[in-house]
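The values are calculated or read from the model by the stated rules, or taken from the named source; none is laboratory data. Quantities reported herein were computed from a predicted structural model and do not represent experimental measurements. All Cβ positions, even for glycine, are placed from backbone atoms using ideal geometry, and neighbour counts span all protein chains on display. With ligands, DNA and RNA removed, areas are computed over all heavy atoms of the protein, side chains included. Shrake-Rupley method; radii C 1.70, N 1.55, O 1.52, S 1.80 Å.
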Amino acid sequence: MTLRVASYNVRALQDDVAALARTVRAIDPDVLCLQEVPWIGPVDHRIADFARRCGLVWSGRDQRAGQTSVLTHLRTNVVSVTHHRLPYRTRRDRRGFAVTRVAPFGRTAVSVASVHLGLDGDERLEHAREIMAHLAAQPGPALLAGDLNEQDDGAAWQLFGGAMRPVSPLEPTFPSRRPEHVLDVVFATPDVQVLPHHDVPWVAEDLTAGTDHRPVWVDVETAPLTRPLTGPPVTVSG
């Protein structure tokens, strides 16, 4: 069974939200990792409305960590959603990451992390270590998706690449109008079976109207369950 995991920096929904949602609908992800989710003020209704426009559900509703969160499709079985704060120097620069475990019905559970690293190189590396330590403690395959704010010569990127491999097309994603930098990427552990990449019928004008990043996505094949999936219903923690 195919699972499509996408990542999108939505710039706090400050731009054309309708254009943004049309792009997401064109991608049609099972899991959408978000970066720069709005967090100042009463914004929950804006995130919920954006999810509705995309045909998705805001998993872990009312939970955000460092402006990251996750949307999922109803066809995907969400096992758990957790949000984790990372050390930060100032409130303005606070960071975090969100992890959802999804198990397409009858298939093995997969952990998917949404990350947004900062502008300081030393801090990015520190945060990357903490994120990887968390993922290493999770059972089974994992994907990590987000805006790293650095390219493949960066220390954080290389740290992720030591245990995982980039599986989304390494094409420039920023800025959206004329992309020059590969800042957005999806990584996967070696036990994830990655399928050939398929383009989607998005509209170029929507890409530039919706936000300053371009989305990335990947299709993976999940393994059948070897035993029945057991455990509690969806849990959410901050």
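General remarks:
- DSSP bridge orientation in the chain - percent antiparallel, rounded to nearest 5: 75 percent
- With a cut-off of 19 Å on the backbone N, the residues of the stretch 8-30 near the modelled label site 7 Å out from Ala204 along Cα-Cβ are 19-20, 22-24, 26-27.
- Dipole of the chain, positive end: most advanced residue of Ala18, Leu117, Pro166 [Cβ charges, Cα centre]: Ala18
- Using only side-chain charges placed at the Cβ, +1 for Lys and Arg and -1 for Asp and Glu, the dipole size of the chain relative to its Cα centre rounds to 820 debye.
- The magnitude of the dipole of the stretch 93-167, with charges of +1 and -1 set on the Cβ of Lys/Arg and Asp/Glu and taken from the Cα centre, is near 580 debye.
- Three semi-axes of the equivalent ellipsoid, the chain, Cα gyration tensor, whole Å, largest first: 23, 21, 19
- Extension gain, Asp28 back to Ala12 (0.36 nm per residue minus Cα-Cα distance, nm): 3.7 nm
- Over the chain, relative contact order from alpha-carbon pairs under 8 Å, at least 6 apart, %: 26 percent
- A Förster radius of 30 Å, combined with the Cβ-Cβ distance separating Tyr88 from His181, puts the computed FRET efficiency at roughly 0.80.
- Modelled FRET efficiency - R0 35 Å, Asp49 with Thr226, Cβ distances, 0.05 increments: 0.30
- Radius ratio Rg over Rh of the stretch 63-140, counting only Cα atoms, Kirkwood formula for Rh: 1.02
- The apolar share of the surface of the stretch 24-138, taken as the fraction of accessible area on carbon and sulfur atoms (1.4 Å probe, ligands and nucleic acids excluded), comes to 48 percent.
- Considering the stretch 1-117 at the alpha-carbon level, its Rg and Dmax are found to be 13.7, 44 Å.
- Helix-only [θ]222 nm of the chain, DSSP H runs n ≥ 4, -39500 (n - 2.57) each, per residue, nearest 500: -7000 deg cm²/dmol
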